[in-house]
Amino acid sequence: MTVKQEPALAEVLLKPLVEAALTEDLGRRGDVTSQATIPADMQAQLQIKARQAGVICGMDLARLSFALIDGQTEFMAQVNDGETVEAGAVLAIVRGNARNLLTAERTALNFMTHLSGIATDTKKIADSVAEYPAQITCTRKTIPGLRIVQKYAVRCGGGRNHRLGLDDAILIKDNHIAIAGDIKTAIKQAQDFAGHLIPIEVEVDTLEQLEQALDTGVSLVLLDNMAPEILAQAVVMCKGRAKTEASGGITPETVQAVAKTGVDFIAMGYLTQSTTALDIGLDFSA
């Protein structure tokens with residue numbers, strides 16, 4: 001599977017995330033270890049290296065981590081977000097004041113290891129179902145404050161984004177239906193509210209609910225926690241009537257069985273909740 005280059009996020013979106021992370025790490029006294037052990041004027045060159053093969057994400061966040069500590073630091077990227085690298089690959093060379101490099105190190109690596117892990121696992125999952133029409137999407141199950149970069153990492157790995165927030169689209173879920181009274185009432189009220197510009201998706205967990213939803217003319221249904229054999233029936237029912245999205249505890253071990261049913265999308269909270277960080281380090285080179 002070839003992953004196209006994902007357009008970088010604007011720096012104005014990233015800077016507050018890095019500032020918050022650095023502020024948290026610096027505390028009240030700053031990096032006392034580097035102050036205690038490294039001469040104030042010492043210069044150094046270090047390399048950010050991948051210690052595992054994977055898909056890289058978070059280069060701009062790493063660059064900003066060093067730049068916000070010391071604007072004189074040179075950050076020379078050797079790869080772009082979305083690129084697959086082998087273990088041992090040099091991702092960036094950073095040069096400048098040694099104390100400042102070490103102060104920014106953990107924040108830069110925290111962003112890169114976490115986001116590269118998401119991108120790497122997303123690519124593995126997308127590759128595993130590449131022979132089927134289903135596209136892998138993430139969910140709103142993200143770490144508070146990091147949603148925009150976690151969803152960016154999913155895109156770097158070849159996945160797609162579901163809603164970025166509550167204002168993107170109407171997604172009628174089980175509690176909305178329960179409180180509204182029934183599925184048709186909930187959908188009708190949503191249609192009256194939405195006009196022609198807000199998309200509407202409705203979650204169903206039985207074929208009976210699905211038929212009721214289709215009768216209202218919805219164009220996208222979320223098939224929640226359905227066994228593969230039920231999903232396959234649901235796909236047949238929706239043919240030519242609505243797009244289908246499967247969800248509910250889907251993992252790398254179960255995603256192929258879901259994809260085989262013919263669903264259009266597979267929503268996985270796993271991508272932003274349960275992926276493993278990619279091992280990336282910062283090594284002294286000169």
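The values are calculated or read from the model by the stated rules, or taken from the named source; none is laboratory data. Treat the numbers as computed from the prediction; the structure is a model and nothing was measured. Neighbour counts run over all protein chains shown; Cβ positions are idealised from the backbone, glycine included. The area values use the complete protein model at the heavy-atom level, side chains included, leaving out ligands, DNA and RNA. Shrake-Rupley method; radii C 1.70, N 1.55, O 1.52, S 1.80 Å.
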Check: List the pairs whose first member sits in region 149-162 and is in contact (Cβ under 8 Å) with a residue 40 or more places away in the chain, whose second member is among the aromatic types (Phe, Trp, Tyr), and whose Cβ atoms are under 9 Å apart, counting only residues at least 6 apart or on separate chains?
Finding: VAL149/PHE111; ARG160/PHE265; HIS162/PHE265
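Return yes or no: is THR275 crowded, with 22+ Cβ neighbours inside 10 Å and in contact with a helix residue (DSSP H, G or I) (Cβ under 6 Å, 6 or more places away or on another chain)? Spell out how you get there, then give the answer.
Values: crowded, with 22+ Cβ neighbours inside 10 Å: yes; in contact with a helix residue (DSSP H, G or I) (Cβ under 6 Å, 6 or more places away or on another chain): yes.
Criteria met by THR275.
Which of the residues belonging to region 211-239 are of a type in the set (Val, Ile, Thr) and surrounded by fewer than 13 Cβ atoms within 10 Å (Cβ to Cβ)? Give the steps one after another, and end with the answer.
Kept after step one, since they are of a type in the set (Val, Ile, Thr), are these residues of region 211-239: 216, 218, 221, 230, 235-236.
Correct list: VAL236 only.
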Notebook entry, point to check: Restricting the search to region 128-177, which residues are in contact with an Asp or Glu (Cβ under 6 Å, 6 or more places away or on another chain) and among the basic types (Lys, Arg)?
Noted result: ARG155, LYS173
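Looking at region 21-35, is at least one residue of a type in the set (A, V, I, L, M, F, W, C), more than 16 Å from the chain's Cα centre (by Cα) and more than 21 Å from GLY71 (Cβ to Cβ)?
Yes, that holds for at least one residue.
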Check: Looking only at region 141-172, which residues are in a loop (DSSP other than H, G, I, E, B) and surrounded by 15 or more Cβ atoms within 10 Å (Cβ to Cβ)?
Finding: LYS141, THR142, LEU146, GLY157, GLY158, GLY159, ASN161, HIS162, ARG163, ALA169
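To keep it simple, each residue is scored yes or no on (1) charged (D, E, K, R); (2) under 19 Å from ILE38 (Cβ atoms); (3) crowded, with 20+ Cβ neighbours inside 10 Å.
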| site | (1), (2), (3) |
| --- | --- |
| ALA62 | no, no, yes |
| ILE69 | no, yes, yes |
| GLU86 | yes, no, no |
| ASN100 | no, yes, yes |
| ASN110 | no, no, no |
| HIS114 | no, no, yes |
| LYS123 | yes, no, yes |
Check: Which of the residues spanning region 240-271 are crowded, with 23+ Cβ neighbours inside 10 Å and not in a strand (DSSP E or B)?
Finding: VAL258, ALA259, THR261, VAL263, MET268, LEU271
Note to self: Any residue at all in region 194-210 that's free of Cβ contacts under 8 Å to residues at least 24 places away in the same chain, of a type in the set (D, E, K, R), open to solvent by 60 Å² or more (accessible area, probe 1.4 Å) and more than 29 Å from LEU17 (Cβ to Cβ)?
What the structure shows: yes
Notebook entry, point to check: Can you name the residue in region 272-286 that is modelled with pLDDT of 95 or more and in a loop (DSSP other than H, G, I, E, B) and is also farthest from PHE111 (Cα to Cα) among such residues?
Noted result: SER274
Margin query: Quick check on this structure: which one of ALA194, ALA246, ALA234 is more than 22 Å from ALA126 (Cβ to Cβ) and at pLDDT 95 or above?
Written below: ALA234
